[in-house]
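Colleague: One structure, pasted below without further comment.
The values are calculated or read from the model by the stated rules, or taken from the named source; none is laboratory data. Values in this document were obtained by computation on a predicted structure and should not be read as measured data. All Cβ positions, glycine included, derive from the backbone under ideal geometry; neighbour counts span all protein chains shown. SASA here: full protein model, heavy atoms, side chains in, ligands and nucleic acids out. Shrake-Rupley method; radii C 1.70, N 1.55, O 1.52, S 1.80 Å.
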Amino acid sequence: ACHSALGRRLARCPRLLRMMLSSGKSDEELQKPSEHAHQKVLAVDNPLYTSAQRFAYLLLWLVNNMSVTLINKAAFKWVNFKFPFVLSAMHMLVNAVGSHIWLQLYHGAKSAPGDAKVSATRRRTLLILFSLLFSANICIGNVSILFVSVNFNQVMRSLVPAFVMGIGAIWQRKRFSARRTLSVVAVVTGVVAACFGEMTVSTFGFLVTLLCVLLASAKVVLTGAILTGAGLTLSPMELIHEMAPLSMIWMLLASFSTGEFAELLAELPELSRTMAFPVVLLSALLAFTFNISSFVANKVSSPLTLTIWGNIKQVLLIAISTYLFETPITVLNGVGITVVIVASGVYNYFSVIERGIPAK
């Protein structure tokens, strides 16, 4: 009921969504590359860091990235903490505190002042709307991890580019090159093969994961709009600082309204005798340190390098989760997963290549 109510709220806000998706520039201006943009996109990794330093930072990002997903699944499966909304709220609490400390310590992390013409009411409305999407994306993602395997979740998440392209084509009237479109078609084909047969999942699990993909796609589009358009200028850490407290409120409301919090209180004595709460706290800390490691990884490396490491993460995460959580995989599933990983890598590569030139 909570999820459907959220959907109705978002459905009633097309004007605000269009405001957030538009930065006041025409499609031609948005697609027009700046001088040397193509070279900048494919620039070599930051020369201020040695190869060993870059490798260390990227390895930290890789381990942190995988750890968040694996720890969340472990919390649900091994310590019987089956409360995804509360888990998500704990993530937001730690992110709120952590981002506040970060901004206090590193004043340089703050962005330049935004457009003075943006009214306080519009700013507040945009942030509240985005916080609903932000919290729904995290909550539904954790619900998905609870009901489906990590493999299924990761394979389905590979559909995000397809939905992002769809949103871009409908809302922003973007056009995409044939090679990127074909890559997405290959991804979809691989997902069908990967999810067919013994990689079984309940109807509810499938629908929740599909909703997770839709929300993740919308978040990809709107995050860029919030950070660079709609009259607002926020650094990534400032966005977390703004979103985390609001999102924690939405997550706690979802927990209360679905009866999850009451179940948690009933099971509190039993859970207190296990490692449930230390695991949840560790998960929340890893979620925040992942944000920091992402900022550092983006600083020391090029987009192309991150694309390659992202594909390495996907391969390792599927392999490790298959072993840890004993997920059965048929030959067809394995072929499908391989196609998804390769096609996703090709799509990401072309995306980086084309970021500095007009889409065709």
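Colleague: Being closer than 26 Å to PHE83 by Cβ, part of a helix (DSSP H, G or I) and under 18 Å from the mean Cα position of the chain (by Cα) is the requirement here; does VAL164 meet it?
Modeller: Values: closer than 26 Å to PHE83 by Cβ: no; part of a helix (DSSP H, G or I): yes; under 18 Å from the mean Cα position of the chain (by Cα): yes.
No; evaluated as a whole, the condition is false for this residue.
Colleague: Could you tell me which residue of segment 83-129 is surrounded by the fewest Cβ atoms within 10 Å (Cβ to Cβ), considering only residues that are polar (S, T, N, Q) and at pLDDT below 75?
Modeller: This residue is SER119.
Colleague: Taking THR223 and the conditions (1) open to solvent by 60 Å² or more (accessible area, probe 1.4 Å); (2) at pLDDT below 80; (3) polar (S, T, N, Q), which numbered condition does it fall short on, given that it satisfies the others?
Modeller: (1)
Colleague: Is it fair to say PHE206 is on the phi < 0 side of the Ramachandran plot, open to solvent by 20 Å² or more (accessible area, probe 1.4 Å) and either of a type outside the set (Asp, Glu) or in a helix (DSSP H, G or I) (or both)?
Modeller: yes
Colleague: Quick check on my filter: what residues within segment 314-347 are buried (at least 17 other Cβ atoms within 10 Å of the Cβ) and under 21 Å from LEU60 (Cβ atoms)?
Modeller: Of everything in segment 314-347, those that are buried (at least 17 other Cβ atoms within 10 Å of the Cβ) and under 21 Å from LEU60 (Cβ atoms) turn out to be GLN314, LEU317, ILE318, SER321.
Colleague: When you scan segment 298-313, how many residues do you find that are within 12 Å of LEU60 (Cα to Cα) and modelled with pLDDT under 85?
Modeller: Filtering segment 298-313 down to residues within 12 Å of LEU60 (Cα to Cα) leaves 309, 313.
Those left that are additionally modelled with pLDDT under 85: 309.
Here the count works out to 1.
Colleague: Output the residues belonging to segment 236-280 that are within 20 Å of the chain's Cα centre (by Cα), under 21 Å from SER67 (Cβ atoms) and open to solvent by 60 Å² or more (accessible area, probe 1.4 Å).
Modeller: PRO236
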